[in-house]
1. Cα centroid distance between the range 71-120 and the range 122-158, in Å?
2. Across the range 107-115, in residue order, what do the Karplus-derived ³J(HN,Hα) couplings come to in whole Hz, using 6.51 cos²θ - 1.76 cosθ + 1.60 with θ = phi - 60° and x for Gly and Pro?
3. Place the peptides 126-134, 25-33 in order of packing, highest mean first, counting for every residue the other Cβ atoms within 10 Å and averaging per peptide.
4. List every residue whose amide H lies under 5 Å from the amide H of Val138, counting only residues 5 or more places away in sequence or on a different chain, with H placed 1.01 Å from N in the peptide plane.
5. What list of ³J(HN,Hα) values in whole Hz, one per residue of the range 116-123 in order, does the Karplus curve 6.51 cos²θ - 1.76 cosθ + 1.60 (θ = phi - 60°) give from phi, with Gly and Pro shown as x?
6. In the neighborhood of Asp181, defined by Cβ-to-Cβ distances under 11 Å, what is the net charge if each Lys or Arg adds +1 and each Asp or Glu adds -1?
7. Could the peptides 53-61, 41-49 be put in order, highest first, of the mean number of other beta-carbon atoms found within 10 Å of their residues?
8. May I ask you to derive the FRET efficiency for Thr86 and Asn186 from their Cβ-Cβ distance with R0 = 25 Å, giving the value to the nearest 0.05?
Amino acid sequence: MWNNHTDLLQNCLNSLEVECKPEFNTTCDQAFEFWKEKTVKLRSNGNIIYLIGNGASASMASHISADLAKNAHVHTQVFTDLALITALANDISFDQVFVEPLRRRLTPSDMLVAISSSGNSPNVVNACRFASELGAAVVTLTAMAPANKMRQIGDLNFWLPAETYGMAETGHACILHYWMDSVSVNNI
Ligand SMILES: O=C(CO)[C@@H](O)[C@H](O)[C@H](O)[C@H](O)COP(=O)(O)O
């Protein structure tokens, strides 16, 4: 019987690769501890965690955003309003659908959690670049080919050697739930 996400994550952890700036030489435990500490500090200061992704990763961003708000009492924001996304894509460019709203809201004390199986989707990569240049904390979750653009940008990067979208997305769900559990106030 699995009792918590540590059990489920164990297989993920065995093959997970992480990098954490500035030294980029971090164990998984250290990476999750770093992420937890940043999140707890951000919560006590009333800052915001923005979560982004495309397709299934957009759903995952919404899912974890809701869990973080309910269980961890963290202020979160996702960009899943179809009217807003289609207007930005139509009037500006799909590559800018996350950067545009972030430009108006993100502060250097906030965090961006960017989820992408390929690690190369231009709209997510652009948002990571923007957040990083602003000085916000950037956490990336990627998979598939080891060299991807998001891994070059994030302060904390989780990469899984998954070859399919289904495997990548399932692994990312484990990682995100493990993080969420670590900062939860209640566990319902
Ligand atoms: O769920 C799947 C595939 O399983 C798709 O919806 C997938 O999320 C979409 O094709 C995304 O656009 C892929 O983008 P990314 O995760 O590589 O950034």
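Values quoted throughout were computed directly from the atomic coordinates according to the rules given, and no laboratory measurement underlies them. Nothing here was measured: the structure is a model prediction, and the numbers come from that model. Cβ: placed from backbone, ideal geometry, glycine included. Neighbour counts: every protein chain shown.
1. Each part's Cα centre sits 13 Å from the other's.
2. 10, x, 8, 8, 10, 10, 10, 10, 10
3. So the order, starting with the most tightly packed, is 126-134, 25-33.
4. Close amide H contacts, sequence-distant or interchain: Leu112, Asp155, Leu156.
5. 7, 5, 7, x, 10, 5, x, 5
6. Charge balance in the 11 Å sphere: 0.
7. Listed from highest to lowest mean packing, they are 53-61, 41-49.
8. 0.10
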